[in-house]
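A quick write-up on the structure given underneath.
The values are calculated or read from the model by the stated rules, or taken from the named source; none is laboratory data. Because the structure is a prediction, the values reported are computed rather than measured. Counting neighbours? That spans all protein chains shown, and the Cβs are built from the backbone with ideal geometry, glycine included.
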Amino acid sequence: MTSVKKIAVTGAAGNISYSLLWRIANGDVYGKDTPVELSLLEIPQAVGAAEGVAMELDDSAFPLLRGITITDDANKAFDGANAAFLVGSKPRGKGEERSALLSANGKIFGPQGKAINDHAAEDIRVLVVGNPANTNALICQHAAQDVPADRFTAMMRLDHNRALSQLATKLGKNSDEFQKVVVWGNHSATQFPDITFAEVGGQKVSELVDEKWYVDEFIPRIAKRGAEIIEVRGNSSAASAASAAVDHMHDWINGSDGRWVTAALPSTGAYGIEEGLIFGQPTIAKDGRWEIVEGLELSDFQRERIQRNVDELKEEREAVKDLLN
Ligand code: NAD
Ligand code: LMR
């Protein structure tokens, strides 16, 4: 057994957390030999509901779960945290774009970034799930200047998983047979699910599907899947989001076994993406870090789709400039 890891989860009484906390407590993030302590952050009105969630976690008798604390104080919630899932924020409704949430949600992430900066453990890893995730992660990272920027990520693993699943259905394969899939950019309808480099069973995926399907059906289907779920389910995705959050943090800590996975990370300037924007990129997780897959040759089509995302994220950044220190 390794030492106990403290995992902070915000929005602990919400829909995503109702799946996420059980997966974390089961050892699906750090692994089956690492005990965990959960630190739940909620707004004051929802602390009671979070206490109920904690009671149910207790009733699940997870062998790896060594303690649960519940608070409405971010400084306490992130104190000594090794990992933080920033879920707590408002979801969008039918017909809304995620960027419409910026004014309501953006202001949550500065104070939480500051609390992480001042109190978290040295190895803190942050995953922002709350929408609009990329720009919220940027706000959070800016407020935590003493923490290396690459510890702040936003969730695009759900988009990645959606892409794998749609390809698997189309080609009659399993999702784990696909390699080199990436979703570039923003977790918004502008995102670019890219199969240019993708392979399955030693073949290029682009040779197995026609371009019209790729451009007119696949790309918009993935990019608008969140809205489709809201339309059909009546609520935004929750269990699939929790599952993707676990995949993201698990791979960050344990590695992705050489496979490409999509994570939204601060750009290093690779591929002409403006440095610092939190951008979905092809990565391989190794030795506890994300390594951006560099040196890929991009077509004009790819460059144009990536640029649309750069432009959109710059607009979002401009809209929240008052929240960036
Ligand atoms: P929810 O409304 O069910 O739960 C949100 C919880 O957050 C509530 O319990 C609320 O009290 C709490 N909260 C609000 N402000 C908080 C704060 N300042 N500190 C701590 N807690 C706070 O929503 P949900 O379905 O769990 O979704 C949460 C967020 O995740 C939404 O913004 C949603 O759009 C986003 N989301 C992102 C992805 C992604 O792929 N990045 C996927 C699904 C959902
Ligand atoms: C999703 O992609 O399912 C989430 O971001 C929720 C949403 O608003 O679409």
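Looking at 240, 256, 206 in this structure, which one is in the same structural domain as residue 283 (by TED's automatic domain parsing) and within 15 Å of ligand 1 (Cβ to nearest atom)? Before the answer, list the steps.
On the way: 256 fails: within 15 Å of ligand 1 (Cβ to nearest atom); 206 fails: within 15 Å of ligand 1 (Cβ to nearest atom).
None of the others qualify; the one that does is 240.
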Task: Complete set of residues in the stretch 227-240 that are surrounded by 17 or more Cβ atoms within 10 Å (Cβ to Cβ) and either farther than 14 Å from residue 165 by Cβ or at pLDDT below 95 (or both) - done: 227, 230, 236, 238
Open item on the list: Six or more apart or on different chains, Cβ atoms under 8 Å: show the pairs whose first residue is in the stretch 140-157 and farther than 18 Å from residue 317 by Cβ and whose second is of a type in the set (S, T, N, Q) and surrounded by fewer than 22 Cβ atoms within 10 Å (Cβ to Cβ).
Closed with: 146/117; 147/117
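Tell me, which strands (runs of 3 or more DSSP E) wholly within the stretch 1-97 include 1 or more residues that are modelled with pLDDT of 95 or more and over 19 Å from residue 125 (Cα atoms)?
65-71
If you take the residues in the stretch 270-301 that are part of a loop (DSSP other than H, G, I, E, B) and under 25 Å from residue 123 (Cβ atoms), which one is farthest from the chain's Cα centre (by Cα)? Write out each step before concluding.
Initial filter on the stretch 270-301 (part of a loop (DSSP other than H, G, I, E, B)): 273-277, 287-288, 293-299.
With under 25 Å from residue 123 (Cβ atoms) added as a condition, the list becomes 275-277, 287-288, 293-294.
Working: 275: 19, 276: 17, 277: 15, 287: 19, 288: 16, 293: 18, 294: 21 Å.
Taking the candidates together, the pick is 294.
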Task: Counted residues, the stretch 109-139 - those being in a helix (DSSP H, G or I) and in contact with a Lys or Arg (Cβ under 9 Å, 6 or more places away or on another chain) - done: 7
Open item on the list: It is to be established whether one or more residues within the stretch 168-185 are within 16 Å of ligand 2 (Cβ to nearest atom), more than 28 Å from residue 82 (Cβ to Cβ) and either in the same structural domain as residue 206 (by TED's automatic domain parsing) or part of a strand (DSSP E or B) (or both).
Closed with: yes
- [ ] Kindly indicate whether residue 223 is within 16 Å of ligand 1 (Cβ to nearest atom) and surrounded by 17 or more Cβ atoms within 10 Å (Cβ to Cβ).
- [x] yes
Task: The one condition in (1) farther than 22 Å from residue 140 by Cβ; (2) of a type outside the set (Lys, Arg); (3) without any contact (Cβ under 8 Å) to a residue 12 or more places away in the chain; (4) part of a helix (DSSP H, G or I) that residue 100 fails to fulfil - done: (1)
